[in-house]
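A.B. asks: Just passing along the structure, written as C-alpha coordinates.
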Amino acid sequence: MAGGLRAADGSTRPAAWTGTDAGWQPVPFDPLPTSYYGPRQVITSVACANGRVAMVGAVPGGAHGNPRVSTWRLAGDRMVENPAPFETYGGDTAVDVGPIAAGPAGFAIAGNRTSGAAAWLSPDGRTFTLHENDSGLAGDTAARDSITLPDGRWAVFGGVGGKAAAFLPQDQGWTREYPPAEDGVTEIQRVVRQGDEVVAAGIHDTEFQIWHRRGGTWTAGETFGGDPAGVRSLAIAGGRPVLVGGGLWIDGKSTTAPGTPVAVAGRGDVLLLVATDRIWRAKL
(Lines give C-alpha, C1' and ligand atoms only; values in the text may rest on other atoms or scores of the structure.)
Protein backbone atom coordinates (compact mmCIF):
# COMPACT_ATOMS: atom_id res chain seq x y z
CA MET A 1 0.00 0.00 0.00
CA ALA A 2 1.35 3.44 -0.89
CA GLY A 3 0.32 7.07 -0.61
CA GLY A 4 1.51 9.80 1.73
CA LEU A 5 1.38 11.33 5.19
CA ARG A 6 0.11 14.82 5.95
CA ALA A 7 1.53 16.81 8.85
CA ALA A 8 -0.41 19.27 11.01
CA ASP A 9 0.96 22.18 8.97
CA GLY A 10 -0.40 20.65 5.74
CA SER A 11 2.93 19.47 4.39
CA THR A 12 3.15 15.96 2.89
CA ARG A 13 5.72 13.23 2.49
CA PRO A 14 5.74 9.93 0.56
CA ALA A 15 4.78 6.78 2.43
CA ALA A 16 4.27 3.07 1.83
CA TRP A 17 3.53 0.05 3.99
CA THR A 18 3.91 -3.69 3.64
CA GLY A 19 1.42 -5.84 5.48
CA THR A 20 0.21 -9.26 6.49
CA ASP A 21 -2.51 -10.48 8.81
CA ALA A 22 -0.15 -9.65 11.67
CA GLY A 23 -0.05 -5.94 10.79
CA TRP A 24 1.56 -3.28 8.60
CA GLN A 25 5.12 -1.98 8.57
CA PRO A 26 6.25 1.37 7.06
CA VAL A 27 8.77 1.38 4.21
CA PRO A 28 11.59 3.97 4.55
CA PHE A 29 12.04 6.52 1.74
CA ASP A 30 15.37 7.95 0.56
CA PRO A 31 14.93 11.09 -1.58
CA LEU A 32 17.86 12.32 -3.62
CA PRO A 33 20.09 14.62 -1.54
CA THR A 34 19.46 17.51 -3.94
CA SER A 35 15.72 16.85 -4.33
CA TYR A 36 13.32 19.55 -3.17
CA TYR A 37 10.03 17.97 -4.26
CA GLY A 38 10.84 14.29 -3.61
CA PRO A 39 10.57 14.57 0.20
CA ARG A 40 7.21 16.34 -0.23
CA GLN A 41 5.56 14.00 -2.73
CA VAL A 42 2.57 11.72 -2.36
CA ILE A 43 2.83 8.32 -4.07
CA THR A 44 0.17 8.10 -6.77
CA SER A 45 0.87 4.64 -8.22
CA VAL A 46 2.87 1.50 -7.44
CA ALA A 47 3.70 -1.64 -9.43
CA CYS A 48 5.71 -4.78 -8.75
CA ALA A 49 6.87 -7.84 -10.71
CA ASN A 50 9.63 -10.41 -10.33
CA GLY A 51 10.70 -8.99 -6.98
CA ARG A 52 11.06 -5.44 -8.33
CA VAL A 53 8.96 -2.52 -7.08
CA ALA A 54 8.64 0.96 -8.58
CA MET A 55 6.43 3.92 -7.74
CA VAL A 56 5.35 7.28 -9.11
CA GLY A 57 5.10 10.26 -6.79
CA ALA A 58 4.01 13.86 -7.33
CA VAL A 59 3.38 17.14 -5.53
CA PRO A 60 2.24 20.53 -6.86
CA GLY A 61 5.04 23.04 -7.21
CA GLY A 62 6.53 25.91 -9.15
CA ALA A 63 4.91 29.17 -10.17
CA HIS A 64 1.86 27.48 -11.71
CA GLY A 65 1.44 24.64 -9.21
CA ASN A 66 2.01 21.92 -11.81
CA PRO A 67 2.76 18.40 -10.53
CA ARG A 68 6.44 17.77 -9.87
CA VAL A 69 6.88 14.06 -10.62
CA SER A 70 9.51 11.51 -9.61
CA THR A 71 9.83 7.75 -9.89
CA TRP A 72 11.05 5.60 -7.01
CA ARG A 73 12.47 2.07 -6.91
CA LEU A 74 12.92 -0.46 -4.14
CA ALA A 75 16.59 -0.88 -3.23
CA GLY A 76 17.02 -3.36 -0.39
CA ASP A 77 14.33 -2.42 2.10
CA ARG A 78 14.06 1.25 1.07
CA MET A 79 12.37 3.24 -1.68
CA VAL A 80 14.99 5.34 -3.46
CA GLU A 81 14.18 8.37 -5.61
CA ASN A 82 15.45 8.08 -9.19
CA PRO A 83 17.34 10.97 -10.79
CA ALA A 84 15.84 12.29 -14.03
CA PRO A 85 16.03 15.49 -16.09
CA PHE A 86 13.13 17.84 -15.42
CA GLU A 87 11.85 17.45 -19.00
CA THR A 88 11.36 13.69 -18.55
CA TYR A 89 8.07 14.24 -16.72
CA GLY A 90 7.69 18.04 -16.90
CA GLY A 91 8.78 20.75 -19.28
CA ASP A 92 6.97 22.70 -21.99
CA THR A 93 5.21 19.64 -23.47
CA ALA A 94 4.01 18.12 -20.17
CA VAL A 95 0.32 17.33 -19.60
CA ASP A 96 0.02 14.48 -17.08
CA VAL A 97 1.75 11.34 -15.82
CA GLY A 98 -0.56 8.40 -15.15
CA PRO A 99 -0.28 5.03 -13.41
CA ILE A 100 2.72 2.72 -13.51
CA ALA A 101 2.57 -0.96 -14.54
CA ALA A 102 5.06 -3.81 -14.12
CA GLY A 103 5.84 -6.90 -16.16
CA PRO A 104 8.65 -9.20 -17.31
CA ALA A 105 10.08 -6.42 -19.51
CA GLY A 106 10.27 -3.93 -16.64
CA PHE A 107 7.97 -0.97 -16.03
CA ALA A 108 5.72 1.30 -18.07
CA ILE A 109 3.92 4.55 -17.28
CA ALA A 110 1.03 5.85 -19.37
CA GLY A 111 0.44 9.58 -19.69
CA ASN A 112 0.03 12.50 -22.03
CA ARG A 113 2.06 15.29 -23.62
CA THR A 114 0.98 18.17 -25.84
CA SER A 115 1.57 15.84 -28.82
CA GLY A 116 -0.99 13.37 -27.47
CA ALA A 117 -0.61 9.98 -25.80
CA ALA A 118 2.81 9.14 -24.34
CA ALA A 119 4.58 6.34 -22.52
CA TRP A 120 7.60 6.06 -20.25
CA LEU A 121 9.37 2.68 -20.41
CA SER A 122 12.09 1.26 -18.15
CA PRO A 123 13.75 -2.17 -17.99
CA ASP A 124 14.71 -1.79 -14.32
CA GLY A 125 12.55 0.87 -12.66
CA ARG A 126 15.56 3.18 -12.44
CA THR A 127 15.77 5.02 -15.77
CA PHE A 128 12.63 5.77 -17.78
CA THR A 129 12.66 6.67 -21.48
CA LEU A 130 9.92 9.02 -22.66
CA HIS A 131 8.08 8.11 -25.87
CA GLU A 132 6.25 11.18 -27.12
CA ASN A 133 5.25 12.40 -30.56
CA ASP A 134 5.79 8.85 -31.89
CA SER A 135 4.05 7.70 -35.06
CA GLY A 136 0.74 6.05 -34.17
CA LEU A 137 0.90 7.32 -30.59
CA ALA A 138 0.69 11.06 -31.17
CA GLY A 139 -2.30 12.98 -32.47
CA ASP A 140 -5.83 13.38 -31.13
CA THR A 141 -5.01 10.67 -28.61
CA ALA A 142 -4.99 10.08 -24.86
CA ALA A 143 -3.30 7.42 -22.71
CA ARG A 144 -4.74 6.32 -19.37
CA ASP A 145 -3.15 2.96 -18.46
CA SER A 146 -0.69 0.30 -19.66
CA ILE A 147 -0.09 -3.42 -19.28
CA THR A 148 2.09 -6.25 -20.56
CA LEU A 149 0.37 -8.40 -23.17
CA PRO A 150 0.69 -12.21 -23.05
CA ASP A 151 3.32 -12.02 -25.84
CA GLY A 152 5.53 -9.80 -23.65
CA ARG A 153 4.91 -6.51 -25.45
CA TRP A 154 3.75 -3.41 -23.65
CA ALA A 155 0.39 -1.93 -24.62
CA VAL A 156 -0.93 1.52 -23.77
CA PHE A 157 -4.68 2.11 -23.49
CA GLY A 158 -6.81 5.20 -23.85
CA GLY A 159 -8.59 6.77 -26.77
CA VAL A 160 -8.34 8.32 -30.24
CA GLY A 161 -10.71 11.10 -31.25
CA GLY A 162 -13.34 10.06 -28.74
CA LYS A 163 -13.05 6.31 -29.43
CA ALA A 164 -11.59 3.67 -27.13
CA ALA A 165 -8.20 2.46 -28.37
CA ALA A 166 -5.06 0.51 -27.56
CA PHE A 167 -1.54 1.41 -28.73
CA LEU A 168 1.00 -1.37 -29.36
CA PRO A 169 4.68 -0.70 -30.12
CA GLN A 170 6.15 -1.99 -33.36
CA ASP A 171 9.51 -1.64 -35.14
CA GLN A 172 8.71 1.90 -36.25
CA GLY A 173 6.23 3.74 -34.06
CA TRP A 174 3.02 2.30 -32.66
CA THR A 175 0.01 0.53 -34.14
CA ARG A 176 -3.56 1.08 -32.97
CA GLU A 177 -6.35 -1.32 -32.08
CA TYR A 178 -9.98 -0.30 -31.68
CA PRO A 179 -12.24 -2.45 -29.47
CA PRO A 180 -15.77 -2.91 -30.80
CA ALA A 181 -17.85 0.00 -29.60
CA GLU A 182 -21.07 1.81 -30.31
CA ASP A 183 -21.35 5.58 -30.49
CA GLY A 184 -20.70 7.22 -27.15
CA VAL A 185 -17.65 5.20 -26.12
CA THR A 186 -14.87 7.64 -25.30
CA GLU A 187 -11.84 5.82 -23.90
CA ILE A 188 -10.37 2.91 -21.98
CA GLN A 189 -9.34 4.05 -18.51
CA ARG A 190 -8.09 0.97 -16.63
CA VAL A 191 -6.79 -2.47 -17.66
CA VAL A 192 -5.84 -5.69 -15.85
CA ARG A 193 -4.67 -9.15 -16.89
CA GLN A 194 -6.62 -12.34 -16.26
CA GLY A 195 -4.29 -15.07 -17.46
CA ASP A 196 -3.94 -14.66 -21.24
CA GLU A 197 -6.81 -12.21 -21.38
CA VAL A 198 -6.76 -8.43 -21.02
CA VAL A 199 -9.80 -6.97 -19.26
CA ALA A 200 -10.37 -3.27 -19.92
CA ALA A 201 -12.85 -0.80 -18.46
CA GLY A 202 -13.89 2.62 -19.72
CA ILE A 203 -16.80 4.89 -20.46
CA HIS A 204 -19.78 4.41 -22.80
CA ASP A 205 -21.97 7.53 -22.75
CA THR A 206 -22.80 7.78 -19.02
CA GLU A 207 -22.17 4.10 -18.30
CA PHE A 208 -19.12 1.92 -17.66
CA GLN A 209 -18.04 -0.46 -20.42
CA ILE A 210 -16.05 -3.69 -20.11
CA TRP A 211 -13.98 -5.22 -22.93
CA HIS A 212 -11.98 -8.44 -23.24
CA ARG A 213 -8.92 -9.01 -25.46
CA ARG A 214 -7.66 -12.53 -26.10
CA GLY A 215 -5.25 -13.60 -28.84
CA GLY A 216 -5.43 -10.17 -30.43
CA THR A 217 -9.23 -10.29 -30.72
CA TRP A 218 -11.46 -7.85 -28.84
CA THR A 219 -14.99 -8.52 -27.61
CA ALA A 220 -17.32 -6.08 -25.88
CA GLY A 221 -18.67 -6.98 -22.49
CA GLU A 222 -21.46 -5.53 -20.42
CA THR A 223 -22.30 -1.89 -19.71
CA PHE A 224 -23.47 -0.84 -16.27
CA GLY A 225 -23.52 1.90 -13.66
CA GLY A 226 -21.46 4.96 -14.46
CA ASP A 227 -19.88 8.00 -12.85
CA PRO A 228 -18.74 11.35 -14.30
CA ALA A 229 -15.27 10.84 -12.78
CA GLY A 230 -14.87 7.59 -14.72
CA VAL A 231 -13.12 4.38 -13.70
CA ARG A 232 -10.80 4.91 -10.74
CA SER A 233 -9.58 1.34 -10.21
CA LEU A 234 -10.04 -2.13 -11.69
CA ALA A 235 -9.11 -5.60 -10.45
CA ILE A 236 -9.96 -9.27 -10.96
CA ALA A 237 -10.96 -11.29 -7.89
CA GLY A 238 -12.71 -14.63 -7.88
CA GLY A 239 -12.63 -14.52 -11.68
CA ARG A 240 -14.84 -11.43 -11.72
CA PRO A 241 -14.08 -7.81 -12.62
CA VAL A 242 -14.21 -5.44 -9.64
CA LEU A 243 -14.46 -1.74 -10.47
CA VAL A 244 -14.30 1.44 -8.39
CA GLY A 245 -16.11 4.45 -9.80
CA GLY A 246 -18.91 6.24 -7.99
CA GLY A 247 -19.05 3.21 -5.71
CA LEU A 248 -18.05 -0.44 -5.83
CA TRP A 249 -19.10 -2.71 -8.71
CA ILE A 250 -18.53 -6.48 -8.74
CA ASP A 251 -19.26 -8.28 -12.01
CA GLY A 252 -21.29 -5.29 -13.17
CA LYS A 253 -23.47 -5.10 -10.08
CA SER A 254 -23.46 -2.32 -7.51
CA THR A 255 -22.18 -3.68 -4.19
CA THR A 256 -22.40 -2.08 -0.77
CA ALA A 257 -18.88 -1.32 0.47
CA PRO A 258 -17.85 -1.05 4.14
CA GLY A 259 -16.28 2.35 3.41
CA THR A 260 -15.99 4.84 0.55
CA PRO A 261 -14.01 2.93 -2.11
CA VAL A 262 -10.75 4.41 -3.39
CA ALA A 263 -8.96 1.48 -5.06
CA VAL A 264 -9.10 -2.31 -5.36
CA ALA A 265 -6.58 -5.11 -5.89
CA GLY A 266 -7.17 -8.81 -6.39
CA ARG A 267 -5.25 -12.08 -6.17
CA GLY A 268 -7.04 -15.37 -6.73
CA ASP A 269 -10.32 -15.13 -4.88
CA VAL A 270 -9.10 -12.45 -2.43
CA LEU A 271 -10.20 -8.84 -2.89
CA LEU A 272 -8.40 -5.96 -1.17
CA LEU A 273 -10.46 -2.79 -0.90
CA VAL A 274 -8.81 0.50 -0.02
CA ALA A 275 -11.36 2.87 1.49
CA THR A 276 -10.93 6.43 2.70
CA ASP A 277 -10.45 5.35 6.29
CA ARG A 278 -9.07 1.80 6.25
CA ILE A 279 -8.33 -1.33 4.21
CA TRP A 280 -10.73 -4.24 3.90
CA ARG A 281 -10.21 -7.80 2.67
CA ALA A 282 -12.82 -10.24 1.44
CA LYS A 283 -13.08 -13.53 -0.43
CA LEU A 284 -15.24 -13.65 -3.55
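The values are calculated or read from the model by the stated rules, or taken from the named source; none is laboratory data. Please read these numbers as outputs of a predicted model, since none were measured by experiment. Glycine gets a Cβ as well: all are built from the backbone with ideal geometry, and neighbour counts include every protein chain shown. Ligands, DNA and RNA are stripped out before the accessible areas are found, and what is left, the full protein with its side chains, is counted by its heavy atoms. Shrake-Rupley method; radii C 1.70, N 1.55, O 1.52, S 1.80 Å.
A.B. asks: What is the percent carbon and sulfur in the accessible area of segment 81-222, measuring with a 1.4 Å probe over the protein chains and ignoring ligands?
C.D. replies: Values: 2800 of 5970 Å².
The computed percentage sits at 47.
A.B. asks: Suppose we take every Cα in the chain and form the convex hull; what volume per residue is that in Å³?
C.D. replies: Expressed per residue, the convex hull around the Cα atoms of the chain is 139 Å³.
A.B. asks: Next up: Any number yet on Rg/Rh for segment 150-284, C-alpha, Kirkwood?
C.D. replies: My calculation puts Rg/Rh at 0.98.
A.B. asks: Which value results when the Cα radius of gyration for segment 42-155 is divided by 2.2 N^0.38 Å?
C.D. replies: Dividing the Cα radius of gyration by 2.2 N^0.38 Å gives 1.03.
A.B. asks: Return one whole number: the accessible area per residue of segment 50-109 in Å², for a 1.4 Å probe.
C.D. replies: On the way: 2760 Å² over 60 residues.
Result: 46 Å² per residue.
A.B. asks: Over the Cα atoms of segment 87-223, each weighted equally, I'd like the Debye log10 I(q)/I(0) at q = 0.11, 0.22 Å⁻¹, rounded to two decimals.
C.D. replies: -0.35, -1.38
A.B. asks: Moving on to the next point. Could you work out which residue, out of Gly62, Gly226, Gly152, moves most in a Gaussian network model of the chain, that is, has the largest mean-square fluctuation with Cα springs under 10 Å?
C.D. replies: Gly62
A.B. asks: Skipping prolines and chain starts, which residues have an amide H placed within reach, meaning under 5 Å, of the one on Gly139, given they are 5 or more residues away or on another chain?
C.D. replies: It is Gly116, Ala117, by chain and number.
A.B. asks: Considering only protein heavy atoms, what per residue accessible area in square angstrom results for segment 128-284 with a 1.4 angstrom probe?
C.D. replies: Averaged over the residues of segment 128-284, the accessible area is 47 Å².
A.B. asks: Right, next: Please give the peptides 166-178, 198-210, 261-273 ranked by average Cβ packing (other Cβ atoms within 10 Å per residue), highest first, as a rough proxy for protection.
C.D. replies: Descending mean neighbour count gives 198-210, 261-273, 166-178.
A.B. asks: Using a 1.4 angstrom probe on the protein heavy atoms only, could you order Thr20, Thr141, Thr93 from most to least accessible area? Could the numbers behind the result be given before it?
C.D. replies: On the way: Thr20 95, Thr141 20, Thr93 45 Å².
Accessible-area ranking of Thr20, Thr141, Thr93, largest first: Thr20, Thr93, Thr141.
A.B. asks: Could you sort Leu130, Leu243, Leu74 by their accessible area in this structure, using a 1.4 Å probe and putting the largest first? Don't jump to the answer; show the numbers that get you there.
C.D. replies: Values: Leu130 45, Leu243 5, Leu74 70 Å².
Order by accessible area, largest first: Leu74, Leu130, Leu243.
A.B. asks: Also, quick follow-up: If DNA, RNA and ligands are ignored and the probe is 1.4 Å, what is the ranking of Trp211, Trp24, Trp280 by accessible area, most exposed first?
C.D. replies: Trp24, Trp280, Trp211
A.B. asks: For Cα pairs less than 8 Å apart in space and 6+ apart in sequence, what is the mean separation divided by the residue count of segment 175-261, i.e. the relative contact order in percent?
C.D. replies: Over segment 175-261, the number comes to 20 percent.
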